[in-house]
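What follows is calculated from the coordinates using simple rules that are stated; it is not laboratory data. Quick caveat: nothing in here was measured; it's all calculated off a predicted structure. Neighbour counts run over all protein chains shown; Cβ positions are idealised from the backbone, glycine included.
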Amino acid sequence: MEDDVLDRLGNGQGLSKIIEDVFKRLLDDPRVKNRFRGRDIEQIKQGFTEYLQSLFTKNSNMYTGLPLSEIFAGLGITKHEVDVFFYHLEEAASDAAVSHTTIQTVLTTLSSLRSEVEGK
Ligand code: HEM
């Protein structure tokens, strides 16, 4: 079932195309773009992609970065900013012809990580 999600996202190539698009949208959106100022966008894209792959792969851990709780400690990311992030992810995946059901599965899984990303 989990591997199936990655298949439906287009695996390596399809997924990186979607992530490219997500970050293009984020960097173009005045509600969140300042969050990425001075950050290494290529590194974030790669880390986020690996993180997604780890979430939906049973037998390997592709993500080698810090835990989300450490990355996001002190950044004060709001619930609204996470909503914006999810919105762009949904749009990019939908444009890539990923089905509504698969997009909802991804968003539900990512929603369970809100408490690690959002500032208290
Ligand atoms: C569930 C939602 C999210 C997940 C799973 C997630 C995941 C990640 C991961 C894995 C990294 C580390 C990349 C690396 O290896 O360096 C990262 C970094 C980062 N993310 Fe997120 N992210 C989420 C939401 C957001 C939102 C909503 C924002 C801002 C609007 C954001 C902004 C950032 C920034 C600025 C960094 C770099 C931090 C640094 O350089 O220290 N993320 N994210």
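In order along the stretch 66-81, the Karplus-derived 3J(HN,Hα) couplings, from 6.51 cos²θ - 1.76 cosθ + 1.60 at θ = phi - 60°, round to 6, x, 3, 4, 7, 4, 9, 4, x, 6, x, 4, 8, 4, 4, 5 Hz, and Gly and Pro are given as x. With one equal scatterer per alpha carbon and no solvent term, the Debye-computed log10 I(q)/I(0) for the stretch 11-54 at 0.19 1/Å reads -0.57. Against the main long axis of the alpha-carbon atoms of the chain, helix 11-27 sits at an angle near 30°. As a rough footprinting exposure proxy, the listed residues Val98, Val106 were ranked by other beta carbons within 10 Å of their own, and the order from fewest upward is Val98, Val106. Across the stretch 9-120, C-alpha contacts under 8 Å between residues 6 or more apart give a mean separation that, scaled by the residue count, equals a relative contact order of 34 percent.
For the chain, the orientation-averaged shadow of the C-alpha convex hull comes to 7.0 nm² (one quarter of the hull surface). Can you grab the distance from the C-alpha centre of the stretch 1-80 to the C-alpha centre of the stretch 96-112, Å, no decimals? Value for the Cα centre distance between the two parts: 14 Å. If R0 is 25 Å, the Cβ-Cβ spacing of Thr78 and Thr57 corresponds to a FRET efficiency of close to 0.25. For Ile77, nonlocal amide neighbours, meaning residues 5 or more places apart or on other chains whose placed amide H falls under 5 Å from its own, are Gly119.
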